[in-house]
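A quick write-up on the structure given underneath.
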Amino acid sequence: MHGRRVSESSAGAEKFGWSRAGLEQFALLSSRFQVPRLRPHELPVLTACCSGVPRCLAGRRVSIRFLVSEKMTEEPDFLGQDSDGGSEEVVLTPAELIERLEQAWMNEKFAPELLESKPEIVECVMEQLEHMEENLRRAKREDLKVSIHQMEMERIRYVLSSYLRCRLMKIEKFFPHVLEKEKTRRDGEPSSLSPEELAFAREFMANTETYLKNVALKHMPPNLQKVDLFRAVPKPDLDSYVFLRVRERQENILVEPDTDEQGDYVIDLEKGSQHLIRYKTIAPLVASGAVQLI
């Protein structure tokens, strides 16, 4: 009887276009936890069931669509264009979503400059956490799964908050250069700042200028009452060295010499290899996701 119910749930999941691996994981979870009818929306973000639930990243604005239909009679549009006629949607499982968050976190943590903003990833993860909390409130407190899922939620919250704190620290440290880069950004180029971070950077710069004026500058001679924050605040050190792991094979990477006595030379980066290299040499590869800072 239980096996028949699992098959029914798997058939319903197959209707939504899940992969064979996702269906197998779905059936395994149902039998492992002895759940008569395990609904797709009851699967958590992480643990063993991460690969089962489709999620969407539509252009720059992301909406996570949960499969909450009791009878699963409607098939949501996970592929194609979004409702606003925008770009093609990218289908992600929750496991892939968390993996992207961790990649963005590690890159941001070890890169000397402020990297491209990932508001769609942050929004996805926050919505997923809210959905998990809602599911936990409906679960039985004595269930072992509750404590496991709570630990996973705390881990995700830590990664997310650490990622956002790291970005705020860089904005505070390099705010004139961050704002100048955003000001000179061409149309179509990815932004280094989310709208909230841009507002924070502008407010931080205005408060810094006001503080310097009230505390020091107004007491100085007239010819010294102006300060160029762009020149006073140090730039990110793009010549610093970073460790990286290659995710996609790269050929003919031009490496600048460390001394004037050496000449430029070209190297190939094999997939899975690890290197210690100057950041500005591989900065475009970090932005494209071809390498991962470690």
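The values are calculated or read from the model by the stated rules, or taken from the named source; none is laboratory data. Quick caveat: nothing in here was measured; it's all calculated off a predicted structure. Heads up, the Cβs are rebuilt from the backbone with ideal geometry, glycines too, and the neighbour counts pull from every protein chain shown. Remember, those area values only see protein heavy atoms, side chains included, never the ligands or the DNA or RNA. Shrake-Rupley method; radii C 1.70, N 1.55, O 1.52, S 1.80 Å.
At a glance:
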quantity	calculated
Simple spin-label estimate for Ser191 and Leu129 in nanometres, 7 Å along Cα-Cβ	2.2
Calculated FRET efficiency for the pair Asp237/Leu144, C-beta based, R₀ 45 Å, to 0.05	0.40
Accessible surface, the stretch 126-190, averaged per residue in Å² (probe 1.4 Å)	66
Relative contact order for the stretch 91-234, counting Cα pairs under 8 Å that sit 6 or more residues apart, in percent	29
Within the accessible area of the stretch 91-234 (1.4 Å probe), percent carbon and sulfur	55
Cross-link reach list, lysines versus Lys145, counting only Cα pairs under 30 Å and skipping chain neighbours closer than eight places	Lys15, Lys71
Per residue accessible area of the stretch 237-293, 1.4 Å probe, in Å²	62
Principal semi-axes in Å for the stretch 237-293 [√(5λ), Cα gyration tensor, largest first]	19, 13, 9
Relative contact order (%) - the stretch 197-294, alpha-carbon pairs under 8 angstrom, separation at least six	28
Spacing of the two label points (7 Å from each Cα toward its C-beta) at Lys109 and Ser161, in nm	1.5
Spin-label model distance (nm) - Phe230 vs Leu217, 7 Å beyond Cα toward Cβ	1.5
Listed residues Glu180, Glu142 arranged by accessible area, highest first, probe 1.4 Å	Glu142, Glu180
